[in-house]
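Structure record follows, encoded as structure tokens.
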Amino acid sequence: MIISTDRRKRPNEFRLDQQPLQEGACPFCEGNESFTPRELLAYRRGTPANGPGWDLRVVPNKFPALQVEGNLDRQGEGIFDRMNGIGAHEVIIETPEHLQTLATLPVVATERVLWAFRERILDLKQDRRFRSILIFKNHGLAAGASLDHPHSILIALPVVPRQVRDEVDGARQHFELKERCVFCDIIRQEQDTRTRVVSENSDFLVVAPYAPRFAFETWLLPKRHGARFEDAGRHEYESLARMIKETMQRMNRALLSPPFNMIIHSAPFQDGLADIYHWHMEIFPKLTKVAGFEWATGFYINPTSPEEAAQVLRDAPI
Ligand SMILES: [Zn+2]
Ligand SMILES: [Zn+2]
Ligand SMILES: [Zn+2]
């Protein structure tokens, strides 16, 4: 008699729908690994997979609440409608510690998160069906986060979401006109005038963009031109981790620890973008309710000028 073990689910594949977590318990906390799907990637201290003893875990997103979170992300705008059933949806559990935030995590831990993003992108890129990967973070209920535990979401798509496509098209137009990268131009200009610069280190410039869509919208721009996040250098991830921590500390001080969305914009997987596009990170603190017509028309009312926003963040103690 042949028994196909393949067909039997492993014990922890049942867990999600089998025994619900106790109320108040968190599936992302250390010790609760059996409540998540099996890990795709983990940074461990020599411990066996799917148990305690880790610094970071990446698991497939099988959490109904987080699926909604992925759908609701303002950058995602209904992307699942166009996915045609192909796609990867993963959760990066950034730390075993439930109460940490990007403002409090040690820089080395945030750097680890950026490395995990890179590793997952390089892995998923091998699947030629994917055209782009979105990585974002929702922090706080008002920003759409459904779990407090520090986590990011990665979505690999067979399409390029409109937000990214529009930005790439804009960058292409600028390049065709001036034969220069628009983001490199922005970096030079902002370094020159400085009125919209929040802070800077050797690798990154943090600015309030010239035409923000939201109050206190903040961009973290790598000074070295590169179209893709995954092609950045080791020192750039370390620098970015520092700037993320610093920027979040500034926002927490100046804006009283606001809920926020954070997104990485990186070139879609197509040729011809190497000179045109320039990867970066955008942070949107959630300070005002976006009215229905703004969603519908794409026209945003922004009550704070970027110069004011930069000044407030620049002056915030870190
Ligand atoms: Zn937790
Ligand atoms: Zn550039
Ligand atoms: Zn962008």
Worksheet entry | Gyration tensor verdict on region 121-171 (Cα atoms; rounded if a/c is under 1.5, prolate if a/b is larger than b/c, oblate otherwise) | oblate
Worksheet entry | Residue list for region 163-177, given a label point 7 angstrom along the Cα-to-Cβ vector of His225 and an amide N cut-off under 20 Å | 167-177
Discussion item. Placing +1 on the Cβ of each Lys and Arg and -1 on the Cβ of each Asp and Glu in region 151-288, which of Asn201, Gly233, Ile187 has its Cα farthest towards the positive end of the resulting dipole?
Written reply: Asn201
Worksheet entry | Computed lengthening from Val107 to Arg162, 0.36 nm per intervening residue step minus Cα-Cα distance | 16.6 nm
Worksheet item: Expressed as a rounded percentage, what relative contact order does region 114-226 have, with Cα pairs under 8 Å and six or more residues apart?
Response: 15 percent
Fill in: Approximate spin-label separation Ser202-Arg180, in nm, with each point projected 7 Å along Cα-to-Cβ
2.5 nm
Item to complete: State to the nearest 20 debye the size of the charge dipole of region 102-164 about its Cα centre, where the only charges are +1 on K and R beta carbons and -1 on D and E beta carbons.
Response: 340 debye
Worksheet item: So, in nm, how far is label Ser257 from label Thr195 when the simple model puts each one 7 Å beyond its Cα toward the Cβ?
Response: 3.5 nm
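Rule-based calculations on the coordinates, nothing more; no lab input. Just so you know, these numbers come straight off a predicted model, no measurement behind them. No Cβ is skipped: glycine too gets one built from the backbone with ideal geometry, and neighbour counts run over all protein chains shown.
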